[in-house]
Amino acid sequence: NYDSQTRQFRFNSSQHDDTPKTIFGRKGNWDGDDLVDLVLQQPSTPKYIMHKLLEFFAYTQPEPEVVDTLARVLVSCSYDLRPVLKNMFLSEQFYSDKSMRTHIKGPAELAAGVIRDLGLKEVNYSIVDSAVTQMGQTLFEPPNVAGWNEHRTWINAELILVRYNQI
């Protein structure tokens, strides 16, 4: 359970089903920490994480060999993201023509960037929230559990004009 007062997760033994479960073909009396460990032991996990990071920070459809290389770094660093991100940000792929000037910011990212770039000290966030919503992103209300779509989703004939006018 999540305790909102302490902002911590707590194990509630009265609600725990302690019968053995089969997860990824392994049977055991797993708890939440065990589940995370089992997920991290899957060979696809580091590749999935690196694919997502590369798509967000560099470019879509990264080459499998690039994903595999960074996935190995992720595992060798015990999933510490700092060395992995440093490796990615210093890689040739990050500065390649395929990567440069390809990131299309979502509405919230765009608005936050403008506020930061302009050095605004006092911001009326209800106006910002309204602008972000008009650009197609209702904060804290993603369309599904996967969140908002990325990249070209934010650019079409209608939204480009709305983005321009809101900024």
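If you check 85, 74, 110, 70 for being in contact with an Asp or Glu (Cβ under 9 Å, 6 or more places away or on another chain) and either part of a helix (DSSP H, G or I) or among the β-branched types (Val, Ile, Thr) (or both), only one passes: 74. Of 100, 50, all but one fail to be within 30 Å of residue 134 (Cα to Cα) and free of Cβ contacts under 8 Å to residues at least 40 places away in the same chain; the exception is 100.
Selection over the range 64-78 of residues that are in contact (Cβ under 8 Å) with a residue 24 or more places away in the chain and of a type outside the set (A, V, I, L, M) gives a count of 1. Within the range 98-108, the set of residues being at pLDDT below 90 and either farther than 14 Å from residue 63 by Cα or in contact with a strand residue (DSSP E or B) (Cβ under 6 Å, 6 or more places away or on another chain) (or both) comprises 100, 101, 102, 103, 104, 105, 106. Scanning the range 136-167 for residues that are open to solvent by 80 Å² or more (accessible area, probe 1.4 Å) and either in contact with a Cys (Cβ under 6 Å, 6 or more places away or on another chain) or in contact (Cβ under 8 Å) with a residue 12 or more places away in the chain (or both) yields 152, 167.
Could you grab me the full set of residues in the range 136-167 that are part of a helix (DSSP H, G or I) and under 24 Å from residue 53 (Cβ atoms)? Passing the criteria: 151, 152, 153, 154. Cβ-Cβ contacts under 6 Å between residues 6 or more apart (or on different chains), taken from a first residue in the range 1-23 that is surrounded by 10 or more Cβ atoms within 10 Å (Cβ to Cβ) to a second residue that is among the hydroxyl-bearing types (Ser, Thr, Tyr), are listed as 9/2. For the range 43-99, residues that are more than 16 Å from the chain's Cα centre (by Cα), aliphatic (A, V, I, L, M) and open to solvent by 50 Å² or more (accessible area, probe 1.4 Å) total 2.
With respect to residue 27, determine if the residue is surrounded by 11 or more Cβ atoms within 10 Å (Cβ to Cβ), free of Cβ contacts under 8 Å to residues at least 24 places away in the same chain and outside any loop (DSSP other than H, G, I, E, B). Answer is no for this residue. If you check residue 133 against the conditions, is it surrounded by 10 or more Cβ atoms within 10 Å (Cβ to Cβ), part of a helix (DSSP H, G or I) and at pLDDT below 90? Against the criterion (surrounded by 10 or more Cβ atoms within 10 Å (Cβ to Cβ), part of a helix (DSSP H, G or I) and at pLDDT below 90), residue 133 does not qualify.
Residue 125 fulfils the conditions (1) farther than 26 Å from residue 58 by Cα; (2) exposed (fewer than 11 other Cβ atoms within 10 Å of the Cβ); (3) not basic (Lys, Arg) except for a single criterion, (2).
The values are calculated or read from the model by the stated rules, or taken from the named source; none is laboratory data. None of these values were measured; they are calculated from a predicted model. With ideal geometry, Cβ positions are generated from the backbone for all residues, glycine too; neighbour counts draw on all protein chains shown. Each accessible area value is taken on the protein alone, full model and side chains, heavy atoms only, with ligands, DNA and RNA left out. Shrake-Rupley method; radii C 1.70, N 1.55, O 1.52, S 1.80 Å.
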